[in-house]
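Structure first, commentary second.
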Amino acid sequence: MRSAPEAIGAGNDPIIHSRGLGRDFTVREGLRRRTVVAVDDLSISVAAGEAVGYIGANGAGKSTTIKMLTGILVPTRGEVTTCGLRPVPDRRRLAREVGVVFGQRTQLWWDLPVRESLRILAAIHSLSPAAERDRTDELVERLELEEFLGTPVRQLSLGQRMRAEVAAALLHSPRLVILDEPTIGLDVLSKQRLREFLVAERRSHGTTLLLTTHDMGDVERLCDRILLVDRGSLVFDGTLAGLSATVGAERVMVVDLAEPVPDLTVPGTRHVDSEGGGLRHRLAFDPGATTAARVLTEVSRHAEVLDLAIEEPDVEDVVRRVYASRR
Ligand SMILES: Nc1ncnc2c1ncn2[C@@H]1O[C@H](COP(=O)(O)OP(=O)(O)OP(=O)(O)O)[C@@H](O)[C@H]1O
């Protein structure tokens, strides 16, 4: 089992590489046929150890991309390598390097206890007895699986099942983990646990993460890079802060005041809400038009500021703005 990021990846070769990648579908509409371009001219490169959020609206082409990266779908055009392998012809070798988690599909055996599913997967991946034991112990502890290891998968709650799914996908210590909507339907605590696990896994094993999600908490907590797709094409590649900056999304300053100011009006800001009868205020501002320092100076004219925080913009909002600017 690998333990250090340096051990991962062959030199500086990207873990995911695509050039001009595209996939079309032909759909029938009555007697006519129509071509749907699901993914178009996608050129991306993801280095070992990166955590990338692959985001976009419904139907933007995310699942189709993942299927091409993992060898489930044959591309219509372009080139793609995953972990240095060609996904379709090298699919079996690729299965050793990649772990895939689909939020809405299971890869566990429904009627078997979780422990048995993990054993079968260890055999499929030809793990040595020692590697199987060490890795299972590690995953059981980190994902807190102990209490339901003996329970058949069909009896698990969604949160428990997702933790078991993640253990199953990561049992063979893949270099790349692809997660398709991993937190969909989970409660707040389960989401938090899963995110914490993925952060820890990445830290200790240098695992590369690619995840699609509509939950922007996933992006904020897990991803240091965002790829945004719109109608099959890549429209942004960079950080979350960079994405916000391109569309001039608002930031929100939260200020705690020494005395209540019920009606706080600050030039250049939009008052979002207040709490504690005016002790705490949330003020939205456009970082292109003013600065946090200026807003703070203005607030200080009304009352002493005890504490302040800047909230990053809501990513859903940012995505909407990017799309709107392209229509
Ligand atoms: N098997 C298929 N046959 C025909 N059209 C398809 C097929 N799979 C996907 N598409 C179409 O390709 C486009 C991209 O779909 P895809 O599932 O990749 O999007 P997505 O970004 O994953 O969406 P979601 O967030 O809803 O899962 C959509 O217009 C979809 O209808």
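Structure summary
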{"item": "All positions within the stretch 167-187 that are under 15 Å from the mean Cα position of the chain (by Cα), away from the ligand (no atom under 16 Å from the Cβ) and modelled with pLDDT under 95", "result": "Leu186"}
{"item": "Residue check for Asp13: within 11 Å of the ligand (Cβ to nearest atom) and surrounded by fewer than 20 Cβ atoms within 10 Å (Cβ to Cβ)", "result": "no"}
{"item": "Near pairs, Cβ below 9 angstrom, 6+ apart or cross-chain, from the stretch 244-262 (on the phi > 0 side of the Ramachandran plot) to any residue that is at pLDDT below 95 and surrounded by fewer than 19 Cβ atoms within 10 Å (Cβ to Cβ)", "result": "Gly248/Asp286; Gly248/Pro287; Gly248/Gly288; Gly248/Ala289; Gly248/Arg321"}
{"item": "Flag for Asp111 being away from the ligand (no atom under 15 Å from the Cβ), in contact (Cβ under 8 Å) with a residue 40 or more places away in the chain and either under 18 Å from Ala167 (Cβ atoms) or not hydroxyl-bearing (Ser, Thr, Tyr) (or both)", "result": "yes"}
{"item": "Residue check for Glu144: among the charged types (D, E, K, R) and at pLDDT 95 or above", "result": "no"}
{"item": "Ala60 being crowded, with 16+ Cβ neighbours inside 10 Å, over 24 Å from Ala200 (Cα atoms) and either aliphatic (A, V, I, L, M) or touching an Asp or Glu at 6+ places or on another chain (Cβ under 9 Å) (or both)", "result": "yes"}
{"item": "Hits in the stretch 303-316 (condition: part of a strand (DSSP E or B) and more than 30 Å from Asp218 (Cβ to Cβ))", "result": "Val305, Leu306"}
{"item": "Spans of strands (runs of 3 or more DSSP E) in the stretch 188-302 with at least 3 residues within 16 Å of the ligand (Cβ to nearest atom) and under 31 Å from the mean Cα position of the chain (by Cα)", "result": "208-212, 225-230, 233-238"}
{"item": "Residue match in the stretch 110-131 (condition: in contact with a helix residue (DSSP H, G or I) (Cβ under 6 Å, 6 or more places away or on another chain), assigned to a loop (DSSP other than H, G, I, E, B) and more than 23 Å from Leu189 (Cα to Cα))", "result": "yes"}
{"item": "Any hit, the stretch 125-134, residues being buried (at least 18 other Cβ atoms within 10 Å of the Cβ) and within 16 Å of the ligand (Cβ to nearest atom)", "result": "no"}
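This table checks each residue for (1) on the phi < 0 side of the Ramachandran plot; (2) within 15 Å of the ligand (Cβ to nearest atom); (3) in contact (Cβ under 8 Å) with a residue 24 or more places away in the chain; (4) assigned to a strand (DSSP E or B).
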| position | (1), (2), (3), (4) |
| --- | --- |
| Ser18 | yes, yes, yes, yes |
| Leu21 | yes, yes, yes, yes |
| Arg28 | yes, yes, no, yes |
| Arg33 | yes, yes, no, yes |
| Leu42 | yes, yes, yes, yes |
| Tyr54 | yes, yes, yes, yes |
| Ala60 | yes, yes, yes, no |
| Ile66 | yes, yes, yes, no |
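The values are calculated or read from the model by the stated rules, or taken from the named source; none is laboratory data. Keep in mind that what you see is a predicted model, and the values were worked out from it rather than measured. FYI the Cβ positions are ideal-geometry reconstructions off the backbone, even for glycines, and counts take in every protein chain you see.
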